[in-house]
Amino acid sequence: MTATIPDSFKFPDFYNFPPFFTIQPVLATREKQLGQWRELILRYHTDLKIKTLVLHECPLWKNPKIERELTGDEIRLVMDDFVTSGHGEWEDPQTRTRCRILWRKPEQLASDIYDWAVSNGYVNSVCTVFELHSGEDVNGMSFQGADEELLRRALGILESQGKCALFRGDTSSEDGIKFF
Amino acid sequence: FSRPLSPFYHPSSYPYLRSPPSSFRFYFFMKWALQSPPPASRIFNHNIYILPTQYPMSHRRRGVGAARAGAKAYTKKAEEMNAVSLARAMETVEKLEVKLEGFAKTHKHEIQHDPAFRAKFLEMCAPLGVDPLSAEKGFWGNMLGIGEFYYELSVKVAEVCLASRSRNGGIIRVSEVKDILTQRGTKFKFADSKNKSSYSEEDIVTSVKKLSKLGSGFRTVEVGKSMMIVSVPEELDDDHMKVMDLAEENRCGAYGVVTVKGVTAELGWDHDRAKRALELLLGKGMAWLDAVGAEKYYWFPSLWMQNSNEMVSS
């Protein structure tokens, strides 16, 4: 069952351009096109806060208005490119039917978190993981409402960069982070 | 050693010592005076320009120089007349320039803010060789500053073209450039009191002409009824242009798209020629492929307009 696209989602211009649904033979053009697909998939899942893309349920591959759709092989190509670019991860690398969408790249989240910590004076003090995604201070930041899994990954990166240290808390949400 | 006198030096050939020459002689004198100097071999291998002092006394006032003085007198007169007409022409042009400067001063505001007025003004300047567009110091540069306006505009136009290159292969409609710039709310130093800058599609075309002088490959080209800007240096030959004309004129089933069949039908080419042209346009990134089942359609992003997307039946 393909999900229906809510009316609120605004499709980009190129979604109604028929060649968008044919993988271009000319490499330079193909690069541009795959970039457009990456952008579309990412924005769709981020705006609608969908965490996982299930290949055969995703409504993006077909545009009934212009009577065009991607073939199975073409969908694979697009998804492989998407995962290679670091915006998604296969939950089942063997069968490749479900893809976890990383709304933000962990590296980007990491630098965002650290910048926020520095500008809000959290250096050398502690805050919890809960505060990061649902605290009052994080209004408007890119990691607000982010998936915990994602946050952990970002924090892992910061740890390896030596910019923070993690402490175990009572619950996983209360794990403490100390920034340096 | 007595040097035999040649006709050039013989007193009889000089009218100066004679009584007023008869018309017969005068005629010969004119003929002789207007001819070019004789070949050197006829003058005893002497240099043609013999100094008068080398002559016997009686000939001192004359000599070869005098013979050619006649010829010189006529060329001199001709030069004088040319100089006079040139001076007159220059005077006229200067007067016109002064008038033009006065006009520009009076209508400075309109020129800076009204695209239609500006276009007419430039039309006036062109035949006089006045180029108010050159952004240099000097009367025009300082007074109007339009040179700077066009310079700014051409930079922004170039930006838009370069940014869209990966999508349309380096060819874009002038109207699309204008839309993008308007959407961006691009402002120039010539914003008027409401802080809005007005420029027309003609202004954009003029600024592209300035750009093309830099040898950057920017140029305008007409496709069907649309004016396009090409920002890649590659040549677009006649075949390509004809195919794009077809797409622009909506002659292959839908606007902005062509098929091999459509091209062969409308232009009378054979299958190979049509295919080659389309493949080339595809290779340049100016056309994108749309494969529906076994059918192949070639769309031009530079001509495609969101609203006029008609269904191409598969």
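Bear in mind these aren't lab numbers, they're just calculated from the coordinates by the rules spelled out. The model shown is predicted, which means the values in this text are computed figures rather than measured ones. With ideal geometry, Cβ positions are generated from the backbone for all residues, glycine too; neighbour counts draw on all protein chains shown.
What are the equivalent ellipsoid semi-axes of segment A:101-180, built from the alpha-carbon gyration tensor (square roots of five times its eigenvalues), in whole angstrom, biggest first?
Working: eigenvalues 49, 39, 36 Å².
Ellipsoid half-lengths, sorted descending, are 16, 14, 13 Å.
Could you give the nm distance between label points at B:HIS271 and B:GLU148, where each point is 7 Å from its Cα heading toward the beta carbon?
6.2 nm
Run through segment B:221-252 and list the trypsin sites (Lys or Arg not before Pro) located in a DSSP loop whose Cβ has at most 13 other Cβ atoms within 10 Å.
Listed in order of number, the matching sites are B:LYS225.
Mind giving me the nanometre distance, one decimal, between the label points for B:LYS72 and B:VAL292, set 7 Å out from Cα along Cα→Cβ?
Rounded to a tenth, the inter-label distance reads 8.7 nm.
Return the loop-located trypsin sites (Lys or Arg not before Pro) in segment A:5-86 (DSSP other than H, G, I, E, B) with at most 16 other Cβ atoms within 10 Å of their own Cβ; answer none if there are none.
Qualifying residues, ordered by number: A:LYS10, A:LYS49, A:LYS51, A:LYS65.
If you rank A:THR84, A:THR46 by fewest surrounding Cβ atoms within 10 Å, what's the result? Let's see the in-between values first.
Values: A:THR84 11, A:THR46 14.
With the fewest neighbours first, A:THR84, A:THR46 line up as A:THR84, A:THR46.
Of A:GLY156, A:TRP116, A:GLN33, which is farthest on the positive side of the dipole of segment A:27-162, counting Cα position, with +1 on Lys and Arg Cβ, -1 on Asp and Glu Cβ, and the Cα centre as origin?
Checked the options; the winner is A:GLN33.
Shielding of B:283-295 by partners, i.e. mean partner chain Cβ atoms within 10 Å per residue?
Other-chain Cβ atoms within 10 Å of each residue's Cβ, averaged: 5.
Tell me which aspartates and glutamates have Cα within less than 14 Å of A:LYS51's Cα, excluding those fewer than 8 residues away on the same chain?
A:GLU89, A:GLU91, A:ASP147, A:GLU148, A:GLU149
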